[in-house]
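Below is one structure, written out as structure tokens; comments come after it.
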Amino acid sequence: MTASLQELSVPGPTVTALTEPFWEAVKSGRLMIQHCDSCERSVFYPRAICPHCWVDALTWTEASGRGKLKSFSQVWKPGHPGWIPATPYLVGLVELSEGPTMLSHILTEGAQVAVGDALHFAPTQIGDRILPCFKMG
Amino acid sequence: MNASWSKAVISGIGELKPERKTDGINTMDLLMKVSAQAAQDAGLEPGEIDGLLVGPQVGETPQHVPATVAEYFGMQPVMSNVVDLGGASGPGMIWRAAAAIEMGMCETVLCVLGNHRNPVSPRSPNRNPAREFDTPFGASGANTSYALLMQAHMAKYGCTPEDYATIAAGARANAQLNPMAIFHGKPADVDDILASPMVTSPLHLLEIVMPVAGGEAVIVTTPEKAKRSAHRPVLLLGAGEKITHRAVSQAPSLTSGPLKPSIARALQQAAMDVSDIGFLSLYDCYTIMVAATIEDAGLCKPGAFGQWLRDNDGMGSDARQPINTHGGQLGFGQPDLAGGMTHVVEAVRQLRGTAGGRQIENCETALVTGNGATMSEAVALILGGAS
């Protein structure tokens with residue numbers, strides 16, 4: 001990586017009233033996801049009602065922050081030019097131990113990665129925002 | 001669910017030569033040109049076309065798209081709509097057109113897709129969950145999504161980079177027989193594909209379609225009206241469709257997609273086995289998409305596409321089951337949403353027997369697949385030549 005993530009000028013999340021608790025929690029170092037009190041399944045990304053059972057019984061709960069790498073890609077030519085100074089960097093699909101999968105930025109710290117590797121939540125400043133990134137281990 | 005498609009026939013096709021840039025040309029001009037070609041090919045007057053299916057975001061027109069296109073074309077359709085299934089929009093139009101005709105909504109449907117291409121494309125105006133939960137991490141655009149699908153496929157089955165590159169090389173080889181293809185005169189073998197720059201691992205540049213301007217149009221009509229075409233009528237024998245998600249993070253599987261049930265349903269309607277299909281016209285935005293489709297179609301077991309392609313003697317018109325004889329989008333170029341329709345148009349040519357130097361001998365049936373978003377919007381069609 002040739003530029004620090006904080007220096008990037010890249011698109012941030014388009015936060016809505018519904019998703020604001022998620023992003024606010026990330027700022028304070030916590031990974032909050034929704035849990036359905038009706039069907040007992042976890043939900044990510046945030047929804048108005050549960051996408052599994054369509055019942056209005058979602059509550060915010062703190063996730064363990066543990067997950068595993070379902071897939072990854074080292075990006076050399078980003079879709080958005082703002083990311084060019086950070087190339088090559090790694091994005092990955094993180095299957096949270098609670099069940100849902102989220103796409104995230106993976107901080108490898110020089111390590112080799114493989115599908116199935118363990119990951120943990122690592123809130124990180126990208127541009128002027130704190131994002132829910134993940135580290136190996 | 002059973003369906004018979006006895007009242008709908010493909011009788012006209014139109015295709016524009018893909019171009020890298022179209023400064024000053026607007027999309028409506030391209031759509032009208034290619035539609036006129038298709039109408040002429042079908043032997044129909046403009047006034048006889050009473051149905052219109054178009055794609056979303058035609059040029060600078062985000063809303064009222066059918067009305068805008070119809071007015072520009074001088075049409076007054078009695079059935080019109082937007083089909084918004086990404087790369088599956090073209091095949092998706094065909095069975096919607098057939099259903100509309102079967103139900104008596106209209107008699108003759110123009111299915112048209114295309115786009116101009118200016119040097120600088122505007123950034124996506126998306127404000128959906130993918131924009132909020134994928135883009136901020138550096139994963140915008142389709143390339144990263146398909147790289148994630150490919151990496152997962154490689155990790156699960158141990159397929160080699162050469163296996164996937166064979167698909168791009170096969171597409172390029174086929175493009176050498178299609179003067180319309182953007183890569184006509186520019187062959188590339190497996191070594192060339194793997195020597196091209198890594199865009200987002202494990203995807204090399206030449207495993208990714210080249211965006212081009214262009215347009216594709218197809219006329220679907222009644223058997224009666226189809227007699228006006230000089231060509232052999234092409235029948236819809238089966239169709240299947242499924243949407244499973246939008247963002248790759250939400251995919252139920254990273255190694256098998258909604259084409260699997262779509263193809264199974266289409267084959268069931270046609271009462272055919274996939275090994276009996278004469279021509280495989282498979283959506284190929286990336287090499288991994290063809291690999292996953294060969295496996296989802298049941299041509300081989302999951303992870304075995306590489307060996308299957310070798311046993312198939314490649315992808316050319318003399319292969320056991322020829323694939324993407326027009327060069328696929330990897331060889332022809334991807335004219336935006338019309339890219340998916342190139343697979344329909346080539347299947348019609350093969351079934352008519354008008355594919356020239358790349359004609360498959362005795363081609364009677366074709367499987368056409370369309371794929372959109374992140375291997376998440378799927379349409380499969382079985383087409384057959386009328387006896």
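The values are calculated or read from the model by the stated rules, or taken from the named source; none is laboratory data. This is a predicted model, so every value here is computed, not measured. FYI the Cβ positions are ideal-geometry reconstructions off the backbone, even for glycines, and counts take in every protein chain you see. We work out accessible area using only protein heavy atoms, side chains counted, and drop any ligands, DNA or RNA first. Shrake-Rupley method; radii C 1.70, N 1.55, O 1.52, S 1.80 Å.
What's the longest uninterrupted piece of chain B once you rule out the trypsin sites (Lys or Arg not before Pro) that are loop residues per DSSP with at most 16 other Cβ within 10 Å?
With trypsin sites (Lys or Arg not before Pro) excluded where exposed in loops, chain B gives B:22-122 as its longest stretch.
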| request: Compare the Cα positions of A:Thr87, A:Gly116, A:Gly137 along the charge dipole of chain A (+1 at Cβ of Lys, Arg; -1 at Cβ of Asp, Glu; about the Cα centre) and return the one farthest towards the positive end. | output: A:Thr87
| query | DSSP beta bridges in chain B, what fraction antiparallel, as a percent rounded to 5? | reply | 75 percent
| message | Percent of Cα-Cα pairs more than 16 Å apart in region B:172-228, please. | response | 61 percent
| said: If I take every Cα pair under 8 Å that is 6 or more residues apart in region B:171-312, average their sequence separation and divide by the length, what percent do I get for the relative contact order? | reply: 15 percent
| field | Where GluC sites (Glu not before Pro) in DSSP loops with at most 16 other Cβ within 10 Å are excluded, longest remaining stretch of chain A | value | A:41-108
| Roughly how big is the protein assembly as shown's charge dipole about its Cα centre, with Cβ charges of +1 (Lys, Arg) and -1 (Asp, Glu), in debye to the nearest 20? | 200 debye
| request: In a Gaussian network model over chain B where Cα atoms closer than 10 Å are linked, find which of B:Ile219, B:Ile13, B:Ile49 has the largest mean-square fluctuation. | output: B:Ile49
| Short version: what are the Cα gyration tensor semi-axes of region B:292-342, square root of 5 times each eigenvalue, largest first, in whole Å? | 22, 14, 8
| remark: One can check that the equivalent ellipsoid of region B:259-307, built from the alpha-carbon gyration tensor with semi-axes equal to the square roots of five times its eigenvalues, has lengths in Å, largest first, of 18, 12, 10
| DSSP beta bridges in the protein assembly as shown [antiparallel fraction, %, rounded to 5] | 80 percent
| request: Might you work out the accessible area of B:Val9 for me, using a 1.4 Å probe with all protein chains in place, and round it to the nearest 10 Å²? | output: 10 Å²
| For chain A, what is the mean residue ellipticity at 222 nm derived from helices alone (per DSSP H run of n ≥ 4: -39500 (n - 2.57); sum divided by total residues; nearest 500 deg cm²/dmol)? | -1500 deg cm²/dmol
| message | Projecting each Cα onto the charge dipole of chain A (Lys/Arg +1, Asp/Glu -1 at the beta carbon, about the Cα centre), which of A:Trp54, A:Ile106, A:Val75 comes out farthest on the positive side? | response | A:Val75
| query | Based on the inverse mean of 1/r over its pairs of different Cα atoms, what is the Kirkwood hydrodynamic radius of chain B, in Å? | reply | 20.5 Å
| request: Would you kindly find the accessible area of B:Cys159, with a 1.4 Å probe and non-protein molecules such as ligands, DNA and RNA excluded, rounding to the nearest 10 Å²? | output: 10 Å²
| task | Could you check which residue among A:Gly65, A:Gly79, A:Gly92 shows the biggest mean-square fluctuation in a GNM of chain A with a 10 Å Cα cutoff? | result | A:Gly79
| request: Go through B:Ser89, B:Ala366, B:Pro302 and say which Cα lies farthest out towards the positive end of the charge dipole of chain B; charges sit on Cβ, +1 for Lys and Arg, -1 for Asp and Glu. | output: B:Ser89
| said: What does DSSP give for region A:14-136 in terms of the percent of beta bridges that are antiparallel, rounded to the nearest 5? | reply: 95 percent
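What number, in percent, do you get for the relative contact order of region A:39-121 if the mean sequence gap of Cα pairs under 8 Å and at least 6 apart is divided by its residue count? List each step's numbers first, then the result.
Values: 124 pairs, mean separation 25.9, N = 83.
That works out to 31 percent.
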| note | log10 I(q)/I(0) for the protein assembly as shown, Debye formula on C-alpha points only (no solvent), q = 0.08, 0.10, 0.13 Å⁻¹, two decimals, reads -0.51, -0.80, -1.26
| message | Taking the full set of protein chains and a 1.4 angstrom probe, give the accessible area of B:Met272 in square angstrom, rounded to the nearest 10. | response | 50 Å²
| said: Show me, for region B:258-268, the HN-Hα J-couplings you get by feeding each phi into the Karplus relation (A = 6.51, B = -1.76, C = 1.60, θ = phi - 60°), rounded to Hz, glycine and proline as x. | reply: x, 5, 4, x, 5, 5, 4, 5, 5, 5, 5
| query | Dividing the Cα radius of gyration by the Kirkwood radius, what Rg/Rh value follows for region B:83-220? | reply | 1.03
| Helix-only [θ]222 nm of chain B, DSSP H runs n ≥ 4, -39500 (n - 2.57) each, per residue, nearest 500 | -10000 deg cm²/dmol
| message | Quick query: amide H of B:Ala188 versus all other amide H atoms, modeled in the peptide plane; which residues come in under 5 Å with a sequence gap of 5 or more or a different chain? | response | B:Ala173
| message | Give me P(r) over region B:200-246, computed from all C-alpha to C-alpha distances, binned every 5 Å, as integer percentages. | response | 4, 10, 13, 10, 14, 17, 12, 9, 5, 3, 1
| said: Please compute the alpha carbon radius of gyration of region B:1-139, then divide it by the globular-protein estimate 2.2 N^0.38 Å. Two decimals is fine. | reply: 1.17
| query | From the phi of every residue in region B:341-351, what ³J(HN,Hα) in whole Hz does the Karplus formula 6.51 cos²θ - 1.76 cosθ + 1.60 yield, where θ is phi - 60° and glycine or proline is x? | reply | 6, 4, 6, 6, 4, 5, 4, 4, 4, 4, 6
| query | B:Lys17: which lysines have alpha carbons under 25 Å from its alpha carbon, excluding same-chain residues fewer than 8 sequence positions away? | reply | B:Lys33, B:Lys186
| How big is the Kirkwood radius of region B:293-387, worked out from every pair of different alpha carbons and given in Å to one decimal? | 14.1 Å
| field | Relative contact order (%) - chain B, alpha-carbon pairs under 8 angstrom, separation at least six | value | 26 percent
| request: Mind checking which lysines have their Cα closer than 30 Å to the Cα of B:Lys242? Skip sequence neighbours fewer than 8 apart in that chain. | output: A:Lys68, A:Lys70, B:Lys7, B:Lys156, B:Lys260, B:Lys301
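What number, in nm² with one decimal, is the all-direction average of the projected area of the convex hull of the alpha-carbon atoms of region A:14-136?
7.9 nm²
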| In whole Hz, what ³J(HN,Hα) sequence does region A:51-60 give by Karplus (6.51, -1.76, 1.60; θ = phi - 60°), x for Gly and Pro? | x, 7, 10, 6, 9, 7, 9, 8, 10, 6
